[in-house]
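The values are calculated or read from the model by the stated rules, or taken from the named source; none is laboratory data. Worth saying up front: this structure is predicted, and the values here are computed from it rather than measured. All Cβ positions, even for glycine, are placed from backbone atoms using ideal geometry, and neighbour counts span all protein chains on display.
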Amino acid sequence: MTRFAVFAAPGLLVYLALVLVPIGITTAYSFTNKNPFNPPTHWVGLDNLTSLVSDDEFRKALWNTIIITGIVTIVTNAGGLAIAMLLDRRGWLYNMLRSVFFVPVVLSAVVVSVIWQTILVDDGLLNSKLRQLGMSDPPGWLSNPDLALYTVSWVIAWQGIGFCVVIYLAGLQGIPQELHEAAAIDGCGPMMRFRHVTWPMLAPAVTINTVMSLIGGFKAYDQVQVLTNGGPGPGTTSTLAFQVVQTAFNGNHVGYASAMAVVMLVLVAAVSVIALGLLQKREVSS
């Protein structure tokens with residue numbers, strides 16, 4: 001027990017200092033009117049939390065976050081599985097392609113966003129190519145309020161798809177070849193083998209990728225900040241994380257921003273636990 005405590009103590013102390021203590025401080029601030037430039041700080045109880053219900057900006061940010069999370073979860077999982085199945089072969093070319101698809105995952109979200117911004121702005125690379133092809137009025141990928149949110153979602157999904165590819169590849173390579181051979185002998189075609197062999201055996205990989213994609217979508221911030229700064233227009237692409245930062249550091253309403261952060265934490269935890277529970281039941285049934 002003593003040895004365990006000695007080895008676990010450094011990690012636990014770091015986790016306590018960098019995770020649990022900040023969560024506790026944020027939760028405490030959420031019950032106050034904390035504003036560093038307008039002291040003193042007073043206890044307001046649940047006023048901040050109840051105010052969020054009628055806050056149009058917060059509700060818009062919540063809805064945007066849900067849309068982004070849904071798109072990111074679907075695109076990364078569907079695209080990641082499709083790419084993984086294409087790369088589930090031997091050879092130096094496929095090994096190189098696996099590395100290529102994983103590169104965006106290790107890059108900073110800010111770097112990825114800056115690269116995509118140069119491509120997607122109105123006079124960027126994409127629209128320049130579209131004009132060369134004869135399109136006189138190409139879409140405003142980041143300037144059109146009807147497109148901006150989906151563009152940001154695409155950038156987030158593009159960066160995260162490599163992670164899903166790696167997890168699905170590991171799952172595919174862990175499926176015994178004998179199962180595919182037995183199914184083929186029984187007369188199952190490619191689609192039947194995928195449905196009755198591959199898909200059930202990938203249940204753990206689906207669980208990991210889905211939960212990670214949900215969490216990644218809910219905490220989207222960097223891409224929004226770099227690509228659109230919450231626009232175009234008021235709150236068009238604002239997310240919960242973006243709204244928390246804007247309220248705390250631009251508006252100096254730390255108490256109110258803390259209440260947003262607490263709600264965000266509860267939502268992420270609840271969605272993750274529910275998704276994990278449902279997907280783990282599928283693992284057992286598979």
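I'd like to check something: does the stretch 152-165 contain any residue that is β-branched (Val, Ile, Thr) and surrounded by fewer than 23 Cβ atoms within 10 Å (Cβ to Cβ)? Please lay out each step first, then the result.
Step one: filter the stretch 152-165 for residues β-branched (Val, Ile, Thr), giving 152, 155-156, 161, 165.
Filter once more, so that each one left must be surrounded by fewer than 23 Cβ atoms within 10 Å (Cβ to Cβ): none.
Scanning the stretch 152-165 turns up no residue that is β-branched (Val, Ile, Thr) and surrounded by fewer than 23 Cβ atoms within 10 Å (Cβ to Cβ).
Select from the stretch 91-115 the residues that are out of contact with any Gly (no Cβ under 9 Å at 6 or more places or on another chain) and either aliphatic (A, V, I, L, M) or closer than 20 Å to Ala220 by Cβ (or both) and list them in ascending order.
Listed by number, the residues that qualify are Leu93, Met96, Leu97, Leu107, Ser108, Ala109, Val110, Val111, Val112, Ser113, Val114, Ile115.
Whether any residue in the stretch 55-76 is in a helix (DSSP H, G or I) and closer than 14 Å to Ser258 by Cβ is what I want to check. Give the steps one after another, and end with the answer.
Step one: list which residues in the stretch 55-76 are in a helix (DSSP H, G or I), which gives 56-76.
When the remaining residues are screened for being closer than 14 Å to Ser258 by Cβ, the result is 58.
So far as the stretch 55-76 goes, yes, one or more of its residues are in a helix (DSSP H, G or I) and closer than 14 Å to Ser258 by Cβ.
Of the residues that make up the stretch 81-95, is at least one exposed (fewer than 11 other Cβ atoms within 10 Å of the Cβ) and either hydroxyl-bearing (Ser, Thr, Tyr) or touching a Ser or Thr at 6+ places or on another chain (Cβ under 8 Å) (or both)?
No - not one qualifying residue is present in the stretch 81-95.
Can you name the helices (runs of 4 or more DSSP H) wholly within the stretch 91-166 that have at least 3 residues being out of contact with any helix residue (DSSP H, G or I) (no Cβ under 6 Å at 6 or more places or on another chain), at pLDDT 95 or above and of a type outside the set (Val, Ile, Thr)?
Working: elements: 92-106, 109-120, 125-132.
Result: empty, no element qualifies.
Six or more apart or on different chains, Cβ atoms under 6 Å: show the pairs whose first residue is in the stretch 184-199 and more than 14 Å from Ala82 (Cβ to Cβ) and whose second is at pLDDT 85 or above and part of a loop (DSSP other than H, G, I, E, B).
none
For every residue, the table says whether it meets (1) among the acidic types (Asp, Glu); (2) closer than 25 Å to Ala220 by Cα; (3) touching a residue at least 24 places away in the same chain (Cβ under 8 Å).
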| residue | (1), (2), (3) |
| --- | --- |
| Pro10 | no, no, no |
| Leu18 | no, yes, no |
| Gly24 | no, yes, no |
| Tyr29 | no, yes, yes |
| Asn33 | no, no, yes |
| His42 | no, no, no |
| Ile68 | no, yes, yes |
| Thr73 | no, yes, yes |
| Ala78 | no, yes, no |
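Within 16 Å of Phe163 (Cα to Cα) and not aliphatic (A, V, I, L, M) - does that describe any residue in the stretch 215-228?
yes
Taking the residues in the stretch 208-233 that are touching a residue at least 24 places away in the same chain (Cβ under 8 Å) and outside any helix (DSSP H, G or I) as candidates, determine which candidate is farthest from Val155 (Cα to Cα).
Gly233
Please determine whether any residue of the stretch 49-56 is exposed (fewer than 11 other Cβ atoms within 10 Å of the Cβ), at pLDDT 90 or above, closer than 24 Å to Tyr221 by Cα and among the charged types (D, E, K, R).
Checked the stretch 49-56: at least one residue is exposed (fewer than 11 other Cβ atoms within 10 Å of the Cβ), at pLDDT 90 or above, closer than 24 Å to Tyr221 by Cα and among the charged types (D, E, K, R).
Would you be able to tell me the number of residues in the stretch 167-202 that are surrounded by fewer than 18 Cβ atoms within 10 Å (Cβ to Cβ), under 24 Å from the mean Cα position of the chain (by Cα) and either among the small types (Gly, Ala, Ser) or within 30 Å of Asn64 (Cβ to Cβ) (or both)?
1
Take Thr2 and decide whether it is closer than 25 Å to Ala257 by Cα and either without any contact (Cβ under 8 Å) to a residue 40 or more places away in the chain or surrounded by 10 or more Cβ atoms within 10 Å (Cβ to Cβ) (or both). Even if it seems obvious, please write down each step before you answer.
On the way: closer than 25 Å to Ala257 by Cα: no; either without any contact (Cβ under 8 Å) to a residue 40 or more places away in the chain or surrounded by 10 or more Cβ atoms within 10 Å (Cβ to Cβ) (or both): yes.
The answer is no for Thr2.
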